[in-house]
Each structure stands twice: as structure tokens, then as C-alpha cells.
Amino acid sequence: MILHPAISSLPAWRYRPGLPVALSLVLFVLLLGLAFFPGLFTSLDPLLADPTQTLRAPSAQHWFGTDHLGRDLYARCVYGAALSLQATAIAVVIALLAGTLLGGIAGWFGGAADRVLAVLVEVLMAIPALLLAMAIVTALGFGTLEIAIAVGLSSVAVFARLARGEVLRWRSRVFVEAAQVVGVGSWTNLCRHVLPHAAGPLLALAALEFASAVLAVSALSFLGFGAPPPQPEWGLLIAEGRNYMVAAWWYTTLPGLVVAGVVLATQQLGRGLQRLQGEHP
Amino acid sequence: MSTPLVRIRQFGVEYPGAAQAAVQGLDLDIAAGEIVCLVGESGSGKSTTAAALAGLLPEAAQQHGQLWFKGQALDSLDERAWRQRRGRLVGFVPQDPGTSLDPVKTIGAQVVEAMTVHGMPLAQARPRALELLRDVGLKAPETLLARYPHQLSGGMCQRVLIAIALANDPPLLIADEPTSALDVSVQRQILDRLQQLVRERGSSLLLITHDLAVALDRADRILVMRHGRLLESGTPAQLWHAPAHPYTRQLLQASPLARLQQRRVAPALSRELPLLQVTSLNRRFDKRGAAAVDGVSFSLQRGTTTSLVGESGSGKSTTARIILALERASSGSVRFDGLEVLGAGRRQLHGYRRRVQLVYQNPYAALDPRQDLLAIVSEPLRAFGIGQRRDHRARVLALLERVGLPGDLLHRRPAQLSGGQRQRVAIARALAAEPELLVLDEPLSALDAPVQAQVLDLLQRLQEKLGLTYLFISHDLATVRGISDQVLVMSQGRLVDQGPTEEVFGRPGSDYTRRLLEDMPGRLVPEAEVQTRAVNL
Amino acid sequence: MHTSAFWRLAQALLVLWAAFSLSFAILYALPGDPVGILLAQGGEPGTADPAQVAELRARYHLDGSLWQQYGGALWRLLHLDLGVSLQTGKPVAAALAAALPATLALAFAALLIAVPLGIGVALAAHQVRRRPLQAALHNAPALVVSLPTFWVGLLLLQLFSFRLHWLPAMGDHGLASLVLPAVTLALPCAAMIAQVLGRSIASVSQQPFVQALRSKGVGRWSLLWRHILHNASIPLLSLTGTLLGNLLAGAVVTETVFSRDGVGRLAQAAVASQDIAVVQGVVLLAAALYVLTNLLTDLLYPLLDPRIRQGSRP
């Protein structure tokens, strides 16, 4: 029933978890398949060079064409997914766990813990995530796992802020106090009435952060801080193509399209999750 | 009254996707200079009707039927044509004054804008803005011009909005629940002023309200709507003496006006010790500010109902929260059946909580939206360790039955229930703890009028059956008269009046209570009529 | 009013100090020996002369306990001394100062593109009624945000430099060479502005006062210009610091793609050679930029929002 018909003078953007989210979900499942079972998606070897087949344009045999050493770019993209997506997943898990713990503690206990977190979050916001990740990589050294840790730590602040906000938002709700009135203890109350509500938005943010972590991981890899050259990391793949831009447009373009597609799909998924949260206030 | 100012014929509004039309088959005339009240509960279509007349329906709305204004068809106007007519043809006073003014523009700019958008030169609009602000009863309008909305009270904002609505002297003024967000005393002043201004200018007024008492006081004609249909229309006297539609009769019975006529049969005076004894309670939130609760003392006898009445900010809620041990007191004492509640230990408090329960104002906010009724109502059983775990289901079913809910709702969630059902669930949860004292924090104010009567009825029956003691918190004196044995009136943290109900109503001990009684809507219906009416009920 | 300004300043200094401490903890306290790396790069791994190591440690202030190093570094920072680059042996502050003008020019050019573009897209998405166009305007920012910046840069290069030969590909020669990098850097920022402003406009449009304004006859355009935009721009202000930070971070990628000199390229090279003093210098520069921007926007808030001006929140 529409109680205030006149207030919504704009076309109502009512959310239906429609086609885009369904497509994104399919694509996302497909990506997980890529990351864990690359062999299912291509029979070609990503590291096998073929000097007779250098810099070939995309064809039925080489879907994405070949690189300067004659390696199949599609196979390299598929195997690169394993490296890049695993790194992304590690990064998101680190950020989610550390952020939720920090934010949850600050929100629930308040006081000094909250003030310390406030400064920490402010600092983490003050340093752009990419620069912070670069600093961490400087200290840790180069490699796929190192990138993953760096990206994860540099996005802790976002999760900590949300977790704190959610805990604060739900703990002040009337039904939480109502549970206190009917004799529910404070820890039970936190677990039964606060955390289940906070979990949804945090998971939705994790899906959104997955998208930006893919970008961050590939950017660091592009800058040359990831795995060393024969490895087919997505960022590195594109960086290698830089030298052949005139002769082979596909070398940078197609792997980049794959990255963009992955980011877009996970972003849609995260948005969809977030809106589903919004439907249950 | 040859041709009416507004003529609506077979008018309907539908929203795509909604099961039911918001308005259907509406016929309505408003004569020049007439005050018409549109009464109905939320979702009755009264606000949609108002929005259609002001040209403010959302784009998604599909309207059909005829809408004539001074002989001109409104339903065929496009957005551009409407823009020139809004404010000139129809002035609109919105519902919530606190959020209906642009927060970043000055009052002066917003009043002036109402005239300049319709082509009045600035030099003319400025002095007229001053005059308008004076007309709506604002003092020192010169200084108000440079103020921002957040610096004004809700009542002042509503006066500014009335000034804006009147700025172009529209022949019709629509006021959509203009006072529902305001305190009772402010409500009366605003409505008085609105009525006076409309009469002076000879404009018509369409007043939308959920409160039949307000309509009876002010209208030349009252229209009752429900589920998008017009049920009945007539003068206040006709409606009062001979309501044709059963729903109107129900509304009349449910209105605080009718409740005003109920008298409580005083229970036998008990000589026992009081169940709850509050002595010189004080609460200060900060050292410099005034006390939120200032020297409050009273006692509750077992099995009686005591009403704590006051406007928002009077300290009534804080007092209740201190009694419930949800808020600390600065000093004073709260004794419950021999136990000192303030400063009680954790175990003692846990035991105390079981005996004193609370029902909140807004049942939707007070129920966890993720839980079903079984989980919600059994929560006190689990927390206080009442009964065996496997018996909880049976106990919950019995509790639901006791509050008049069918057992097949057991696995529903709050969002799937109506407002009245939710409040019943909240009452069932409170009863699950088997309390002796039930604190009811405005338990009716979030409900529609007929539902209010049902919940009130349920509370009375439960009290008779279970011997409960009630502390009933309310801002509305009319509601409490029929149900209370004792009335406490709070203002600015102090108890200004307290005593047996009839004593407080008959011989109010303070000016404040007297004013509250005068500000009650429905006071204009003659006392004699009220009494004959009460007999008929 | 004075005390609140004082506290705001103290808070800003606290954040700067915390940024210094955090970057110090990351770069110096974690395992990894910068001097070892330096010597290894010199060519003879494992054969370092102890005396040479000690001399290097002293030169780069890497001798003594961690706390002594920290105290020394903090003391030098108070004198605006950011230490010495391990690679070049020159002061970090001087290197930053030399690289800054090029990056500032790039960032300024990017802002000149991003701000009008972002605001324009947000406004158009609100005003346009034709379905396909409206949907496109609503979704464009999300699409742009999900494109890797370095890839966009490479695509632009490929199209406008190598295919069409309209613009120079690399280096830093005049305005023409600034166009592609500036566009690359501006796109994600414009998308961010459009997203935040779009959301803000949508939520302001739902406020009751918009309805009240319509009821007095205010038209769509003046409603947007005079009322909605003013209210909706307030949350945008709090974004400024993050936006500038993103520009700096974006400069790392953009300058690398287009082989331009600047702070970003400096940072990339420093990380590649594990030159921790320079990395810390860039991090501190970014933090200082953020803190300073937020101080400035705090001064701007009261101009936009009268509720803050009177110092009384509702």
C-alpha cells in the first residue's frame, strides 16, 4: 500500500533481482571454475611457446590470438585467472575478517577502542589504497601472495567502518532493547539480534570489494610487483602486450576485456546483494 | 452555491503493480468558502485524493474520471500547465513541517519564492512575505526572514508553510494532516489559525485527517473514506447523530471522544502495600541543563491502571525507562514489592525484569524482523528458563490465543502482520514472562483508530483475567480517561497533577492540566450532545 | 569557535603522525633488510664487507634500535627532512619537489575534465526522461569504474596515437601530450563524482520538501538548480580528500603507461627498487594532501550548509 503517494515524484526504481544479476551470478560461477579448474576450459598450455605462431590475430584455433613467443593468449588468460582470482579472494577474506573484527569491537565496546579505531580508519582513508598496497609490497617483496596480502590489508578500513556502523545501527534498535527487557543477556543479544543483521551488508560489501580487489591486484601486477614474467597474471599479461601495441591490438585489448568483464560481473552481484539487504529494513 | 469550486466525478487512481486501486469511483464537491474534512485511516486514499487535486501525483499513477476546478478540467493538464497552477489555484500545506522546508535556504527566500515563481516582482514579494508571516501568527517576522528552518520549532515551520500556501491567495487550500507531527497544544493553535485565515479570505479548505474529533470540531462537511472509496458524507451533526455506514459508527466508537464517556468502575480500595513505590526520582542528563525528571513521587496499587500523561519532552518516557532499569536515575528510589530497583545487582535485576514488562509504542520496531512469532514470543521463556524447552511451542500457542491471534501465524514474520497484530504479538511476548506490572509506552499511537479500540479492549480483558497492574504512558488525555484509576500529569520533568481519574478531570489541580483538557480535539461538540451520543453507543 | 578550530588542527596533526608511524611500521619494522638489498643490487651477493655495511647503515639512518630509528626519523620529519633515497643518495624531499609540478599539471588537467563530466552525467541522468538514454546515463559510471585504468590508457594510446596519429604517444611535450593521460586519469574520477552525486540527488529528491516546493509551483529546472543541487552537493564535499588521493594513486598507473615523469613514476620506480625512504615520502605526501584537503573542505561546509554554520546541529 502506498502511504505517501505524492512524495515519490520520481519514477520509482523498484528493485527486481533481474537479468543482470542472474547473468553476473552465472559468470561468477564460471569464473570460480576458471580459477580452480583451468584445464576444463582450455587444452592448450599457457607456457608453451611456438616460434612459428608469434603474434597471430584471433582465430578459431587461437581465440585471443598469440603473443610474441607464440603462446596462446586465451590459455594464458584462463590460467591467469587462477593466479589473479585466488589472490583477489585471499585479499577480500583478509579485509573482511580483519575489518569485521576491528569494527565490531569498536562498535560494541565503544570508548577507547572506538577512538583508536577512528584514528586508524582515518589514516587508512588518508593514504590511497594503491599507495598503501605499494608500501606493503615494498616491505613484503614481490609475488602473487604478497600482492594479495597488500591489497587485503589496504582495504581493511572500508570493512571496519561498515562493521562498526552496522553494529552501532542495530544495537540501538528498539528490538534489541526489547530483548534486554525480556531478560536476554548482552552476549546472546549481540549474537542473536545484532550480528545476523550486520552480516548481510558486510557480505554484500565483500562482493563489491572483490571487484575493486581484482582491479587493485591487476594494477599492482601491471606495475611489475607480482609474479615474475613467465607467469600469466592478468596485469602482467597486459603489461607485456604494451610493446606490441602497433602490431598486435589483441594482445592488450582482449585480456583487458576479460578483467573488465570480471569486475563488472562481481560489481553487479555486489549491488544486487546490497539491494536485497535494503528490502528487509 | 451554484457551481461548486471543485467537482470530482467517478475519479480513480491506480498504481501499476498494486493489488487495489488507491482511489476508486470518487464523487466529491467542494463549494467556495467551505471547509471539508476528509477522514480515514492510513491507506484509505485520502492523501492520494489530495495529491491529485494539487497535481502532485507521482508519474507512475494512472488516474481516470473527471476533475473540475471552477469549470476547468484538471485531469487533462500537462506538467507545464500544472506548474503555473500549483500554488495559485491550490495551496498545499504538507504533513511534516520539520522536513518540508528546504534546509539550506532562508525562510524569507522560501516565502518570497512562492510568489516570484508566479511572476510577482521581488520588490512586491518582499513586503508581502512579511505580511504573510504576520498573518499566520509569527512574532517578529523581520528577524525570521534571515533564519533557517532548523532554527525554528515544528509549529513555527508549519506556520511558515501555511504562509507559503496562502501566498498567492489560492481559492482552495489543501492541508494533509497538517498537525499530526505536532504536540496537542500547538495542534490546536495551528488549526485555529488556519480556520480563521480561510474564513477571512473566503477560500475553501480541504483538511485531511485521521482524527474524527478534529473533523467534528472544524468541518462544514465530513467525508469518510476507506480502501479508496468514499463511504459517507455529511455535516458533523449528521454524522454524529446518525452515522449511516457501519465503519463510521466504528470510527465514532473508537475515537477518544467516545472513550471520554466511558467511566471506570473503581476497584475496591485495597489496603495492601503498593506494588511499586517511586520516591523523589531525579534524572539529569548534563550538569548544567534542566532535570529531565525532577522530584517525581507516586505509587501503583496492585491490579490498577495508572496513566502517565505529558507532551513529548515532559520526562514521562524517562521516568518509565528508569522504572524498567533501562536508564539510571541521578537520585531517588524505586521500590518494587519490597525490592529497591535502583542499584540492584545483576541477578536481582534479572528476577525483577521477569515481573515487570514493557510494551513499546511502535510494535514493528520492537520486533526483530528476522525472527518468526515462535522465536519472538518464546524469547522470554528461554531467557528466564520458564517451562521445558519442548513445551515452548505449546506455551507460545496458548499465549497467541490469549491475545486473540490464530495459531497458524506461528511461523510468520512481523513484516507479514498488520499493525494491530504486531502489537498483539508484542503483548504476548510481554505476557510470556508472566509479569505483574506491565508498562505500556503509548501502545496505541502507531495504530489506526478502530484497531486502537480493539487493543485497548484486549488490555482490559487481560487485566481482569490476570490481575495485571498497568502503567499507561500517553500524550492524550482523552484516551486515558476511560481506562485509568489514577492519572499522573507530567510537564517539564515535574508531576504537576496526580490523583484519582475523575478528580483530575473534574477539578484539575494545575493550569497545565486545564490547558491540556481545553486543547483536546472534540471540545467543540456540546457536552449535552456527547452525553446523548454516549447513551446511544 | 576557536577551540573547535584548534581541536580540528590537532586531529589533523594526529592523523599525520599516525600515517608516519604506520608507514614506518610497514616499511622499517617488517623483516627485509634495505641495506642488504642495496648491496645485493651492487653485484656481489653474500660478500658484503661489515665496515661498508655499517657505513651505509649510518648514512641512511638505519643504525641503532628500531625505536632510535623511529625517533630520529620523526625528528627529521619535523624539519621537513624525509631522509635520503637509497638508490640515488639524494634527499627524498628534493626528488618529490622536482617530480611534483608534472603530476600537479596532470592532476589539474584531469580535474578540469572530471568535475564537469561527472556533474554533467549525474544531472543528465536525473533530468533525462527517455528510457534508453536514462538507463545508459545511470549505468555508465558503474561501467567506467570497473575498467582497469592502465588498460583504458593503453586503449586510448592504441586508438589515438598508433591508429589515428592524432596525439603523441609517450613523454611530456606540451599540451598535446597531456590530453590522453589526463583523460585516462579523469574517467574513473568522473565516474566516482557521478555516482556519489547521482545517489545524493536521488535521495534529496525523495525528501518531503521537494514535494512542498513543487506544490508552490516551482518548475523542474529551478527545483534542480536552486534546491536539489545545493542540498545534494553537501555529501560531495566530504569526498574531495578521497578524490584527490585517487588522483595521486591513479597518477602512478597513468604516468607509468604514458612514460611521463612525476610523483607516480617516482613511486613506481621506488617500489621496484625497494627504495623505502622514497616510498615513505610518497605515502606521507598523499596523507598530507588528504589531511590538508579535509581541513579546507571543513572551512567550506558552513558556506554550503547553514545547519553547520550556526554550530547547532538539529
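Let me understand chain B better: what is its radius of gyration from the alpha carbons, and its Dmax, in angstrom?
25.5, 79
With both bridge residues required to lie in chain B, what share of the DSSP beta bridges run antiparallel, to the nearest 5%?
Percentage antiparallel, nearest 5: 50.
Suppose every K and R has +1 on its Cβ and every D and E has -1 on its Cβ; what is the size of the dipole of chain B about the Cα centre, in Debye to the nearest 20?
1220 debye
In the stretch C:61-169, which trypsin sites (Lys or Arg not before Pro) fall in coil by DSSP and have 13 or fewer other Cβ atoms within 10 Å?
In loop regions of the stretch C:61-169 (DSSP not H, G, I, E or B), the sparsely surrounded trypsin sites (Lys or Arg not before Pro) are C:129, C:130.
Mind checking the alpha-carbon convex hull of the stretch B:138-228 and giving the volume per residue in Å³?
124 Å³
When 1/r is averaged over all different Cα pairs and the result inverted, which Kirkwood radius in Å belongs to the protein assembly as shown?
Roughly 34.2 Å, rounded to one decimal.
Per Stokes-Einstein, at 20 °C and 1.002 mPa s, what whole-number D in µm² s⁻¹ belongs to the stretch B:264-536, with the Kirkwood radius over Cα pairs as the hydrodynamic radius?
For the chosen part, D equals 109 µm²/s.
To test your reading of the geometry: what angle, between 0 and 90 degrees and rounded to tens, separates the Cα axis of helix C:263-272 from the longest principal axis of chain C?
50 degrees
Please state the charge dipole magnitude for the protein assembly as shown, taken about the Cα centre, from unit charges on C-beta atoms (+1 on K and R, -1 on D and E), reported in debye and rounded to the nearest 20.
1940 debye
Taking only Cα atoms, what is the 0 to 90° angle, nearest 10, from helix C:92-127's long axis to the longest principal axis of chain C?
20 degrees
Quick one: if the Förster radius is 60 Å, what FRET efficiency do residue B:134 and residue B:464 give, using the C-beta to C-beta distance and rounding to 0.05?
About 0.60, to the nearest 0.05.
Based on Cα positions only, what radius of gyration and what Dmax would you give for the stretch C:92-311, in angstroms?
In Å, with Rg to one decimal and Dmax whole: 20.0, 66.
Over the stretch B:6-254, what is the percentage of antiparallel beta bridges among all DSSP beta bridges, to the nearest 5?
Of the beta bridges lying entirely in the stretch B:6-254, close to 50 percent run antiparallel.
Report Rg (one decimal) and Dmax (nearest whole number) for the stretch A:15-112, counting Cα atoms only, units Å.
My reading of the Cα-based Rg and Dmax gives 20.3, 68 Å.
Based on the alpha carbons, how large is the Rg to Rh ratio for the stretch B:325-462 when Rh follows Kirkwood?
Ratio of gyration radius to Kirkwood radius for the stretch B:325-462: 0.99.
From the Cα trace of the stretch B:257-410, what convex hull volume per residue do you get, rounded to a whole Å³?
Roughly 188 Å³ of hull volume per residue.
What value, in deg cm²/dmol to 500, does the helix sum -39500 (n - 2.57) over DSSP H runs of n ≥ 4 give at 222 nm once divided by the residues of chain B?
Roughly -11000 deg cm²/dmol at 222 nm, from the helical runs in chain B.
Please list log₁₀ I(q)/I(0) at q = 0.13, 0.16 Å⁻¹ for the stretch C:80-150, using the Debye equation with identical point scatterers on the alpha-carbon positions.
Once normalised to I(0) and log-transformed, intensities are -0.62, -0.73.
Between rounded, prolate and oblate, where does the stretch A:113-192 land on the alpha carbon gyration tensor, with a ≥ b ≥ c its root eigenvalues, rounded for a/c under 1.5, else prolate if a/b exceeds b/c?
Verdict is prolate for the stretch A:113-192.
What's the exposure ranking of B:448, C:63, going from fewest to most Cβ atoms within 10 Å?
Ordered from fewest to most neighbouring Cβ atoms within 10 Å, B:448, C:63 come out as C:63, B:448.
Using the Kirkwood radius over C-alpha pairs as Rh, can you work out the diffusion coefficient of the stretch B:6-254 via Stokes-Einstein at 4 °C, viscosity 1.567 mPa s, in µm² per second?
Rounded to a whole number, D works out at 69 µm²/s.
Could you state, as a whole-number percent, how many of the C-alpha pairs of chain A are farther apart than 23 Å?
62 percent
Among B:164, A:90, rank each residue by its count of other Cβ atoms within 10 Å, from fewest to most, as a rough exposure measure.
Result, fewest neighbours first: A:90, B:164.
If I fit a long axis through the Cα atoms of helix B:449-466 and take the longest principal axis of the Cα atoms of chain B, what angle between them do I get, 0 to 90°, rounded to 10?
10 degrees
For the stretch A:163-176, in order, what is each residue's ³J(HN,Hα) by Karplus, 6.51 cos²θ - 1.76 cosθ + 1.60 with θ = phi - 60°, in whole Hz (x at glycine and Pro)?
4, 4, x, 5, 4, 5, 5, 7, 6, 8, 5, 4, 6, 6
Read-outs throughout are calculated quantities, based only on the coordinates presented, and are distinct from any laboratory measurement. Since the structure is predicted, the reported quantities are computational estimates derived from the model, not experimental observations. A quick note on method: Cβ atoms are made from the backbone with ideal geometry, for glycine too, and the neighbour counts reach across all protein chains shown.
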